[in-house]
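The values are calculated or read from the model by the stated rules, or taken from the named source; none is laboratory data. Since the model is a prediction, treat every value here as computed from it, not as a measurement. Don't worry about glycine lacking a Cβ; one is built from the backbone with ideal geometry, like all the others, and counts go over all protein chains shown. Only protein heavy atoms, including side chains, enter the accessible area calculation; ligands, DNA and RNA are left aside. Shrake-Rupley method; radii C 1.70, N 1.55, O 1.52, S 1.80 Å.
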Amino acid sequence: QVQLVESGGGLMQAGGSLRLSCAASGSISWSNNMGWFRQAPGRQRELVAAITGGGTTNYASSVKGRFTISRDNTKNTVSLQMNNLKPEDTAVYYCRVVSWGAFYWGQGTQVTVSS
């Protein structure tokens with residue numbers, strides 16, 4: 001079992017920055033793939049960014065160059081630095097960890113970007 005606790009969401013004006021963090025506990029190791037997803041009202045959940053245990057990253061085209069995913073394997077945390085936020089980034093953001101073939105999700109944190 002893996003437990004995930006997210007923090008860092010909030011309200012921000014367009015052009016601003018926010019940093020999301022996700023702390024993982026339980027059956028987790030440095031090799032687990034970790035990532036951030038988001039879901040806006042009326043839309044499907046989508047991948048925002050992912051990072052492997054070795055540090056290889058992958059980004060949605062809509063956030064590339066603005067968002068940066070990172071992880072601290074000593075603390076079992078994954079973070080998402082979001083710069084130059086846009087109103088279309090408004091969504092609930094979820095942390096996800098893959099462990100032993102199972103997907104674990106955080107509770108979600110709301111990010112709202114005003115124009």
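Would you pick out the residues in segment 48-86 that are under 14 Å from the mean Cα position of the chain (by Cα), at pLDDT below 95 and not in a strand (DSSP E or B)?
52, 76 - these are the residues of segment 48-86 that are under 14 Å from the mean Cα position of the chain (by Cα), at pLDDT below 95 and not in a strand (DSSP E or B).
Quick one: is residue 16 touching an Asp or Glu at 6+ places or on another chain (Cβ under 9 Å) and either at pLDDT 95 or above or at negative phi (or both)? I'd like the intermediate steps shown before the answer.
Working: touching an Asp or Glu at 6+ places or on another chain (Cβ under 9 Å): no; either at pLDDT 95 or above or at negative phi (or both): yes.
For residue 16, the condition - touching an Asp or Glu at 6+ places or on another chain (Cβ under 9 Å) and either at pLDDT 95 or above or at negative phi (or both) - is not met.
Within segment 59-75, can you find the residues that are touching a Ser or Thr at 6+ places or on another chain (Cβ under 9 Å) and open to solvent by 80 Å² or more (accessible area, probe 1.4 Å)? Can you show your working first?
Residues of segment 59-75 touching a Ser or Thr at 6+ places or on another chain (Cβ under 9 Å): 59, 68-73.
Listed by number, the list is empty, since nothing qualifies.
So how many residues does segment 24-47 have that are open to solvent by 50 Å² or more (accessible area, probe 1.4 Å) and outside any loop (DSSP other than H, G, I, E, B)?
5
Quick one: would you say residue 9 is over 19 Å from residue 103 (Cα atoms) and surrounded by 16 or more Cβ atoms within 10 Å (Cβ to Cβ)?
yes
Which residue pairs have Cβ atoms closer than 8 Å, lie 6 or more positions apart in sequence or on different chains, and pair a first residue in segment 4-20 that is over 10 Å from residue 90 (Cα atoms) and charged (D, E, K, R) with a second residue that is open to solvent by 30 Å² or more (accessible area, probe 1.4 Å) and part of a loop (DSSP other than H, G, I, E, B)?
6/107; 19/8
Could you tell me whether residue 52 is without any contact (Cβ under 8 Å) to a residue 40 or more places away in the chain and either surrounded by 13 or more Cβ atoms within 10 Å (Cβ to Cβ) or among the aromatic types (Phe, Trp, Tyr) (or both)?
Answer is yes for this residue.
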